[in-house]
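Encoded as structure tokens, the structure appears first; notes follow it.
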Amino acid sequence: MFYGYEMADKRDLFPEIEPYDTGMLKVSDLHSIYYEESGNKNGNPVVFIHGGPGGGTSPRDRRFFDPEAYRIILFDQRGAGKSLPAYELRENTTWDLVDDIEKLRQHLKIDKWVVFGGSWGSTLGLAYSETHPDKVKAIILRGIFTCRRRELLWFYQDGCSLIYPDKFEAYRDHIPEVEQGDLISAYYRRLTGEDEKARLSAAQAWSTWEMATSRMFIDEELLKKAEKDTWCLQFARIECHYFVNGIFMKSESQLLDNADKLSNIPVTIIQGRYDMVCPAETAWLLHKKLPKADFHIVQDAGHSTKEEGIQSQLIEATQKYKHL
């Protein structure tokens with residue numbers, strides 16, 4: 001176990017690389033998911049699980065891993081990124097995604113791999129690892145999120161709004177006052193309605209709120225992502241779909257309750273002290289369930305992997321596990 005609040009030594013991302021293989025894996029009659037491989041074909045396999053749900057992957061995601069040591073696998077979850085059909089909500093649940101990860105592992109003929117995920121990626125990484133612990137070498141998690149009601153209300157209803165009242169106002173006031181008592185449900189009605197214009201404007205308002213709060217200092221480049229029609233529809237529709245359905249868990253504490261299944265797997269938990277999207281309480285509760293895990297609170301960081309302290313701790317972790 002390591003339990004630290006220290007500032008990590010600055011670590012830069014690894015150089016930009018291109019995939020040596022890409023493909024579309026048909027995971028159901030409806031869905032096909034995009035995947036890619038980069039780095040060392042014979043290296044230590046690692047699967048990158050993106051956030052959202054609905055956020056998709058980017059070329060930057062390859063750069064957390066030493067390309068000489070790792071076989072780096074990225075994939076876009078159902079409806080996200082390059083996966084098809086875009087922003088489709090049918091046949092799109094946490095357990096569908098867990099099955100997809102396992103199908104991808106089998107398709108790529110990988111015995112065991114390192115699981116890496118942040119934000120929603122930590123949620124899905126936990127769900128997958130608790131379901132298939134025998135297929136996991138190590139787990140690296142950042143910005144822990146388990147979709148308990150308390151976490152959702154903090155960010156989408158009342159909590160983070162006290163820290164970012166200026167940005168919250170636009171998100172809240174997109175919804176008529178009579179519906180503001182349950183903003184997630186109000187957005188869900190618009191994001192799944194028949195009015196395409198209303199669907200898009202709700203997606204942009206939802207996505208802008210999250211992009212505005214992801215870093216300690218507002219990132220204008222992140223805000224521009226919310227202006228992209230397809231991306232914001234993927235992000236907002238899929239997120240809201242999962243949240244109104246309690247991410248399809250039997251209970252809201254299911255992922256924490258089952259964390260003991262990971263007790264024999266090396267785990268690193270990395271959490272920004274000032275993470276407004278996924279507050280540190282959930283990371284702390286997970287650490288208490290996994291006391292042998294390396295646990296790092298980054299004192300000068302919020303939610304984003306683009307914050308120097310978060311980035312450095314993530315690379316520190318991937319370096320630790322690269323020869324497993």
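The values are calculated or read from the model by the stated rules, or taken from the named source; none is laboratory data. Quick caveat, the model's predicted, so the values are computed rather than measured. Quick reminder, even Gly has a Cβ in these numbers, built from the backbone with ideal geometry, and neighbours come from all protein chains shown. In case anyone asks, the SASA skips ligands and DNA or RNA and just uses the protein heavy atoms, side chains included. Shrake-Rupley method; radii C 1.70, N 1.55, O 1.52, S 1.80 Å.
Only residues that are in a loop (DSSP other than H, G, I, E, B) and open to solvent by 10 Å² or more (accessible area, probe 1.4 Å): list them for the stretch 291-301, please.
P291, K292, Q299, D300
Can you list the helices (runs of 4 or more DSSP H) found entirely within the stretch 188-266 that contain at least 1 residues being buried (at least 23 other Cβ atoms within 10 Å of the Cβ)?
The qualifying helices (runs of 4 or more DSSP H) are 196-212, 229-244, 254-257.
Table: residues versus (1) β-branched (V, I, T); (2) closer than 14 Å to S214 by Cβ; (3) touching a residue at least 40 places away in the same chain (Cβ under 8 Å).
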residue	(1), (2), (3)
V267	yes, no, yes
M276	no, yes, yes
K289	no, no, no
D294	no, no, yes
E307	no, yes, yes
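Test each condition in (1) farther than 25 Å from A301 by Cβ; (2) among the β-branched types (V, I, T); (3) out of contact with any Ser or Thr (no Cβ under 7 Å at 6 or more places or on another chain) for I218 and report the one that comes out false.
In the conditions (1) farther than 25 Å from A301 by Cβ; (2) among the β-branched types (V, I, T); (3) out of contact with any Ser or Thr (no Cβ under 7 Å at 6 or more places or on another chain), I218 misses (1) alone.
Looking at (1) open to solvent by less than 40 Å² (accessible area, probe 1.4 Å); (2) β-branched (V, I, T); (3) over 30 Å from K10 (Cα atoms), find the lone condition where I140 falls short.
(3)
Condition first: open to solvent by 30 Å² or more (accessible area, probe 1.4 Å), over 22 Å from M24 (Cα atoms) and not in a strand (DSSP E or B). Can you find one or more residues in the stretch 112-131 that meet it?
Checking the stretch 112-131: at least one residue is open to solvent by 30 Å² or more (accessible area, probe 1.4 Å), over 22 Å from M24 (Cα atoms) and not in a strand (DSSP E or B).
F14 - would you say it is part of a strand (DSSP E or B) and either over 22 Å from the mean Cα position of the chain (by Cα) or within 24 Å of G302 (Cα to Cα) (or both)?
When the stated conditions are applied, F14 does not pass them.
For the stretch 104-111, does any single residue satisfy the condition of being part of a helix (DSSP H, G or I), β-branched (V, I, T) and either buried (at least 24 other Cβ atoms within 10 Å of the Cβ) or at pLDDT 95 or above (or both)?
No, the conditions are met nowhere in the stretch 104-111.
If A138 passes every condition in (1) in contact (Cβ under 8 Å) with a residue 60 or more places away in the chain; (2) out of contact with any Pro (no Cβ under 9 Å at 6 or more places or on another chain); (3) not in a loop (DSSP other than H, G, I, E, B) but one, which one does it miss?
(2)
Take S38 and tell me if it is free of Cβ contacts under 8 Å to residues at least 40 places away in the same chain and either touching a strand residue (DSSP E or B) at 6+ places or on another chain (Cβ under 8 Å) or buried (at least 23 other Cβ atoms within 10 Å of the Cβ) (or both).
yes
Determine whether the stretch 47-64 contains at least one residue that is more than 30 Å from Y156 (Cα to Cα), of a type in the set (A, V, I, L, M, F, W, C) and open to solvent by less than 50 Å² (accessible area, probe 1.4 Å).
Taking every residue of the stretch 47-64 in turn, none turns out to be more than 30 Å from Y156 (Cα to Cα), of a type in the set (A, V, I, L, M, F, W, C) and open to solvent by less than 50 Å² (accessible area, probe 1.4 Å).
Looking only at residues that are of a type in the set (S, T, N, Q) and part of a loop (DSSP other than H, G, I, E, B) in the stretch 143-166, which one is least open to solvent (accessible area, probe 1.4 Å)?
T146
Which residues, counting only those in the stretch 69-93, are among the polar types (S, T, N, Q) and crowded, with 23+ Cβ neighbours inside 10 Å?
Those that are among the polar types (S, T, N, Q) and crowded, with 23+ Cβ neighbours inside 10 Å: Q77, S83, N92.
Please tell me if A283 is open to solvent by less than 20 Å² (accessible area, probe 1.4 Å), part of a loop (DSSP other than H, G, I, E, B) and in contact with a helix residue (DSSP H, G or I) (Cβ under 9 Å, 6 or more places away or on another chain).
no
For the stretch 67-92, which residues satisfy the criterion of being acidic (D, E) and touching a strand residue (DSSP E or B) at 6+ places or on another chain (Cβ under 7 Å)?
D76, the sole residue that qualifies.
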